[in-house]
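Engineer: After the structure tokens below, expect a handful of questions from me.
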């Protein structure tokens, strides 16, 4: 959201109800982040700076089947600043852009009651606090006719000995052999407007393993038929090992209707029993309206922990919003 000149504000809030049957944990979790920042270009160089607040709160919570009294929360200030350059080449066959950046990232001390004992495996419950990093990143875009490719990589180095430390899911403390803390990357390629592939992930040099990894692909095989795939790496937790979650499906577009269908496969892992051949089956029917979308969904989901099947029905109505979000919400389910 642009404010005055180069100054802009941004943020997000997410509320979700989460449950871990095996550990007896459940809570309504709210995560948020808000920032105020500015980027000022002068020719091919720019200075940028931002600051804000990040936090997470838990309510209606239970830990190990014991009720947690009241609400718990933790929040921390954060700031970032850097200098970047932009290198652009344009030719008859296409164009290329490179944007290197050097900067610093500061994470303050956490405030509030703190985490009562949750770890839902996505890193939100235990945000980094009291960290100081030097950062280096490189973004690139390449356009060749109808093909488009982009990639970015960001590395962070700890500025103090404590910044080289991280806690593993079993509670043990790990230390990086060098000042390097982690490396994050993302890549996107579209050799044709009907084909697209995306990958992103983060390698933690302190834990010596991937903490996130995600691959996605989209193929419009015909004018009204689109196939999608999403593979998500699920990192280990205190009670289970790591594994990959696979989702494959597609959509059939009619004049005013769309039929969606996909399946999920969750292989067995240490601490997680094997499920069915197909762990989740999704069937959806959507109808376009004048300024919105109506969707009816049925899902058949198997939970290997309690060996039960959930039959879920839902109805969703979308009014207004971006044109793409109304016409293609299925792509959002696959990360596009």
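Engineer: All but one of (1) farther than 20 Å from residue 128 by Cα; (2) surrounded by 15 or more Cβ atoms within 10 Å (Cβ to Cβ) hold for residue 69, so report the exception by its number.
Structural biologist: Of the numbered conditions (1) farther than 20 Å from residue 128 by Cα; (2) surrounded by 15 or more Cβ atoms within 10 Å (Cβ to Cβ), the odd one out for residue 69 is (2).
Engineer: In the range 195-206, which residues are under 30 Å from residue 167 (Cα atoms), surrounded by fewer than 18 Cβ atoms within 10 Å (Cβ to Cβ) and touching a residue at least 24 places away in the same chain (Cβ under 8 Å)?
Structural biologist: Listed by number, the list holds a single entry, 201.
Engineer: Let me ask something additional. Note down all Cβ pairs under 8 Å where the first residue falls in the range 158-178 and is more than 17 Å from residue 131 (Cβ to Cβ), the second is part of a loop (DSSP other than H, G, I, E, B) and modelled with pLDDT under 90, and they're at least six residues apart or on different chains.
Structural biologist: 169/119; 169/235; 169/236; 169/237; 169/238; 170/238; 171/238
Engineer: Give 287, 312 a once-over and let me know the one that is assigned to a strand (DSSP E or B), at pLDDT 80 or above and over 24 Å from residue 245 (Cβ atoms).
Structural biologist: 287
Engineer: Can I ask one more? Might you let me know whether the range 11-23 holds any residue that is in contact (Cβ under 8 Å) with a residue 40 or more places away in the chain, surrounded by 12 or more Cβ atoms within 10 Å (Cβ to Cβ), over 21 Å from the mean Cα position of the chain (by Cα) and farther than 23 Å from residue 169 by Cβ?
Structural biologist: no
Condition check ((1) modelled with pLDDT under 85; (2) more than 30 Å from residue 220 (Cα to Cα); (3) in contact with a strand residue (DSSP E or B) (Cβ under 6 Å, 6 or more places away or on another chain)) across all residues:
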position: 254; (1), (2), (3): no, no, no
position: 264; (1), (2), (3): no, no, yes
position: 268; (1), (2), (3): yes, yes, no
position: 271; (1), (2), (3): yes, yes, no
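Engineer: Go through (1) at positive phi; (2) surrounded by 14 or more Cβ atoms within 10 Å (Cβ to Cβ); (3) out of contact with any strand residue (DSSP E or B) (no Cβ under 9 Å at 6 or more places or on another chain) one by one and return the number of the condition residue 171 breaks.
Structural biologist: (2)
Engineer: When you look at residue 176, is it surrounded by 16 or more Cβ atoms within 10 Å (Cβ to Cβ), touching a strand residue (DSSP E or B) at 6+ places or on another chain (Cβ under 8 Å), closer than 30 Å to residue 225 by Cβ and at pLDDT below 95, yes or no?
Structural biologist: no
Engineer: If you take the residues in the range 224-239 that are in contact (Cβ under 8 Å) with a residue 40 or more places away in the chain and not in a strand (DSSP E or B), which one is farthest from residue 209 (Cα to Cα)?
Structural biologist: Among residues in the range 224-239 that are in contact (Cβ under 8 Å) with a residue 40 or more places away in the chain and not in a strand (DSSP E or B), the one farthest from residue 209 (Cα to Cα) is 239.
The values are calculated or read from the model by the stated rules, or taken from the named source; none is laboratory data. In this text, all values refer to a predicted model and were calculated from it rather than measured experimentally. Here the Cβ is made from the backbone with ideal geometry for all residues, glycine too, and neighbour counts use every protein chain on show.
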